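The values are calculated or read from the model by the stated rules, or taken from the named source; none is laboratory data. Since we're looking at a predicted model, the values are computed, not measured. All Cβ positions, glycine included, derive from the backbone under ideal geometry; neighbour counts span all protein chains shown. Side chains are part of the model used for accessible areas, which takes the heavy atoms of the whole protein and leaves out ligands, DNA and RNA. Shrake-Rupley method; radii C 1.70, N 1.55, O 1.52, S 1.80 Å.
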Amino acid sequence: LQGDLGKSPWTGAPVTEELKNRLPVTFEFGLYSILISLAIALPIGILSAIRQDTSSDYIARSFAILALSIPYFFTATLLVVFPIMWFNWSPPLLYVKWSQGPASHLWYFFWPALLLGINLSGTVMRLTRTQMLEVLRQDYIRTAWAKGLRERSVISGHALKNALIPVVTVIGLQIPVAVGGTLILETIFNMPGIGRYFINAVFQRDYPSLQGVTLVIAVIVIVSNLVVDITYGILDPRIRYS
């Protein structure tokens, strides 16, 4: 309650200071991963639903299953090992601050965020397709088609907002994964975030640091669930909170 999480016997620094320095890196990484996931999942999921049982639908569903099936830490290992062997190239493994160059900073985050984003997109993609198919069969959607509205208006103005409510729930559950579940990725890409800090603290038996990271992740879970509940009311005016 006082903000004093103790002092790390491993580094000798207060745990609060360690988390303060490392949390922005993890938050930024998680934000990029979520954005990439949504940029992939939502358009493909919607396209797969409105083009059901076409070649586009089959390709999208296959991609979703592939994204779910292949672990991101496996693809990360392949990305680091094989390009350096075959092409003498590897993704950047040295953290670059924003002040040292915005382009290099974003490039450093691009590859790990892409791998995690693809993995997270599989669930969102499949759920978006399922919900869109269910909504598109509703009477009010058929009425919108009968009124002669364009496809874009029907999809974006009538179907998408109602279909997104369960999708928002899944996105909210993925936020703690993107922030606190990236232990291996942060280690592989030499990222100075709380995930790598947590792994090192395990090996050093640094219990104050472990407790501090666990507390932060728990708070993130609570806050993300609260944001999801608030978003329900924004997406669906029929939902009211006392």
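Would you mind classifying the stretch 86-137 by shape? Square roots of the alpha carbon gyration tensor eigenvalues, ordered a ≥ b ≥ c; an a/c under 1.5 is rounded, otherwise it is prolate if a/b is larger than b/c and oblate if not.
prolate
Once both axes come from the Cα atoms, what is the angle between helix 72-86 and the longest principal axis of the chain, in degrees from 0 to 90, rounded to 10?
The angle comes out at about 70 degrees.
Find the relative contact order for the chain and round it to a whole percent, using C-alpha pairs within less than 8 Å whose residues are 6+ positions apart.
Normalised by residue count, the contact order of the chain is 28 percent.
Taking only Cα atoms, what is the 0 to 90° angle, nearest 10, from helix 207-235's long axis to the longest principal axis of the chain?
The answer is roughly 20 degrees.
Any lysines with Cα under 22 Å of the LYS7 Cα? List them, leaving off those in the same chain fewer than 8 positions away.
Reachable lysines: LYS20.
Could you name the lysines in cross-link range of LYS147, using Cα to Cα under 29 Å and dropping any fewer than eight places away on the same chain?
LYS161
Suppose every K and R has +1 on its Cβ and every D and E has -1 on its Cβ; what is the size of the dipole of the chain about the Cα centre, in Debye to the nearest 20?
Magnitude of the dipole: close to 560 debye.
Would you pull out the residues with amide H under 5 Å of LYS7's amide H, same chain only if 5 or more places away, H placed 1.01 Å from N?
Here the answer is VAL15, since their amide H atoms fall under 5 Å of that of LYS7.
In Å³ and rounded to a whole number, note down the convex hull volume per residue for the Cα atoms of the stretch 141-242.
Normalising the Cα hull of the stretch 141-242 by residue number yields 122 Å³.
Output ³J(HN,Hα) for the stretch 167-177: one whole-Hz value per residue in order, computed from phi by the Karplus curve 6.51 cos²θ - 1.76 cosθ + 1.60 with θ = phi - 60°, and x for Gly and Pro.
Running phi through 6.51 cos²θ - 1.76 cosθ + 1.60 with θ = phi - 60° gives 5, 4, 4, 5, 4, x, 6, 7, 4, x, 5 Hz.
So what's the angle, to the nearest 10 degrees on a 0 to 90 scale, between helix 194-203 and the longest Cα principal axis of the chain?
Value to nearest ten degrees: 50.
Which listed residue (HIS158, TYR232, ILE194) has the Cα farthest towards the positive end of the charge dipole for the chain, taking +1 on Lys and Arg C-beta and -1 on Asp and Glu C-beta about the Cα centre?
HIS158
HN-Hα J couplings of the stretch 121-129 from phi, Karplus 6.51/-1.76/1.60, θ = phi - 60°, integer Hz, Gly and Pro as x?
5, x, 5, 5, 5, 5, 5, 4, 4
Net charge near PRO208, counting Lys/Arg +1 and Asp/Glu -1 over other residues with Cβ under 14 Å of its Cβ?
Residues near PRO208 contribute -2 overall.
Report, ordered by chain and residue number, the aspartates and glutamates lying within cross-link reach of LYS97, taken as a straight Cα distance under 17 Å and ignoring same-chain residues fewer than 8 apart.
In chain and number order, the partners are GLU18, GLU28, GLU186.
Ignoring any ligand, DNA or RNA, what whole percent of the accessible area of the stretch 9-97 comes from carbon and sulfur when the probe is 1.4 angstrom?
70
Express the accessible area of the chain per residue in Å², computed with a 1.4 Å probe while the remaining protein chains stay in the model.
The answer is 56 Å² per residue.
Short version: ³J(HN,Hα) in whole Hz for each residue of the stretch 87-96, in order, from phi by Karplus 6.51 cos²θ - 1.76 cosθ + 1.60 (θ = phi - 60°), x for Gly and Pro, what are they?
10, 6, 9, 8, x, x, 10, 10, 4, 10
Determine the calculated [θ] at 222 nm for the chain from helices alone, applying -39500 (n - 2.57) to every DSSP H run no shorter than 4 residues and normalising by the residue count; nearest 500 deg cm²/dmol.
-25000 deg cm²/dmol, from helical runs alone.
Using the Kirkwood radius built from alpha carbon pairs, what does the Stokes-Einstein equation give as D for the stretch 53-209 at 25 °C and 0.890 mPa s, in µm² per second?
After rounding, the answer is 131 µm²/s.
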